[in-house]
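Notes to accompany the following structure.
Any read-out appearing in this document is the output of simple, stated calculations on the displayed coordinates, not a laboratory observation. Since this is a predicted model, take the numbers as computed values, not measurements. With ideal geometry, Cβ positions are generated from the backbone for all residues, glycine too; neighbour counts draw on all protein chains shown.
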Amino acid sequence: MAKQHKFSGTGVAIITPFKKDLSIDFEGLEKQIEHLIANGINYLVVLGTTGESVTQTEDEKKQLVAFIKEKVDNRIPIVLGVGGNNTQAVVDQIQKTDFDQIDAILSVAPYYNKPSQEGLYQHFKAIAEACPVDVILYNVPGRTGSNIKAETTLRLAHDFKNIVAVKEASGDFSQAMYIIKDKPEDFIVISGEDALTLPLMATGVSGVISVVANAFPKEFSSMVQFALNNDFAEAEKIHYRLLELIDNLFIEGNPAGIKAALEILGIIENNLRLPLVKVSNKTYEKIDELIQKV
């Protein structure tokens, strides 16, 4: 089997556990980190959407990243979420960041101001030129209101050696396949949709940045590894076992569903910061029921 890319396999967009007073639960975070590493995930993604980074202060983010670096202790790669819709502010943030033990950044497409494809190219060009580590593009039109088209992703991939991957969460199989068809050899496409990961891997996608693997790291990383080894029969068994649970974890938004699951599993408390709220009792009970089945 060919050597895997550093960011192939299962990356996990790690949650940020909060106590009842909504301060960061560092004890719960350590428990979660060990839970993930012990069960075979390949890398961590810190300060993403799932980690509720938008409701954390700059001091909290620094404390969180320092804590995760200390606890991970170079056992697996760390990817840091660094993005926004003000290009110069993102560049300034990169220039102020301590990249010790950080292997790459995950940088979301600019949201709300809806740039053109040329604007998206120039935004990521500025980031790539400023960034001392690898860059993973993050295309999630459902959240940003703009889609990084295949031709723009390919242009960036060919023009900048440190743009090494794209997390494709558009749900568009055709777009993913056009990127895979014409990408540089060492550039990879990463699934941003848990439920679509296995079928996307059949087209040449190299893995996932997962939410569900916060709760089921062993199962999800096993599925992804089976697929990387072209054992789709075994991968399918896990995919279909998890499918209904995955759908229900996202029915009232992320990370509300995954935090409910982690509480049911006894790993963290189920607390979120506004404007996010806990899932309804009905959804909680359904997630509980499906976890017992899994």
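Using C-alpha positions alone, give me the convex hull volume of region 9-224 per residue in cubic angstrom.
115
Could you work out how far the C-alpha centroid of region 259-277 sits from that of region 161-195, in angstrom?
What the calculation gives is 30 Å, centre to centre.
Under 8 Å for C-alpha pairs, at least 6 residues apart: give me the relative contact order for the chain, rounded to a whole percent.
19 percent.
Eigenvalues of the Cα gyration tensor times 5, then square-rooted: what semi-axes does that give for region 50-91, in whole angstrom, largest first?
Values for region 50-91, descending: 22, 13, 9 Å.
Looking at the chain, identify the longest residue range that excludes and avoids all GluC sites (Glu not before Pro) in DSSP loops having at most 13 other Cβ atoms within 10 Å.
That gives 1-184 as the longest site-free run.
Which entries of 71/218; 6/71; 218/293; 96/218; 62/218; 71/293 show an alpha-carbon separation above 24 angstrom in the structure shown?
96/218; 62/218; 71/293
Under a GNM of the chain (C-alpha, springs under 10 Å), which listed residue has the highest mean-square fluctuation: 53, 146, 116?
The residue with the greatest mean-square fluctuation here is 116.
Looking at region 9-224 only, what percent of DSSP beta bridges run antiparallel? Nearest 5 please.
5
Any chance you could get the radius of gyration and Dmax over the Cα atoms of region 194-236, in Å?
9.3, 26
Do you know the relative contact order of region 1-149, to the nearest whole percent, from alpha carbon pairs under 8 angstrom that are 6+ apart?
Dividing the mean separation by the residue count of region 1-149 yields 19 percent.
What does the charge add up to near residue 220, with Lys and Arg as +1, Asp and Glu as -1, over the other residues with Cβ less than 14 Å from its Cβ?
-2
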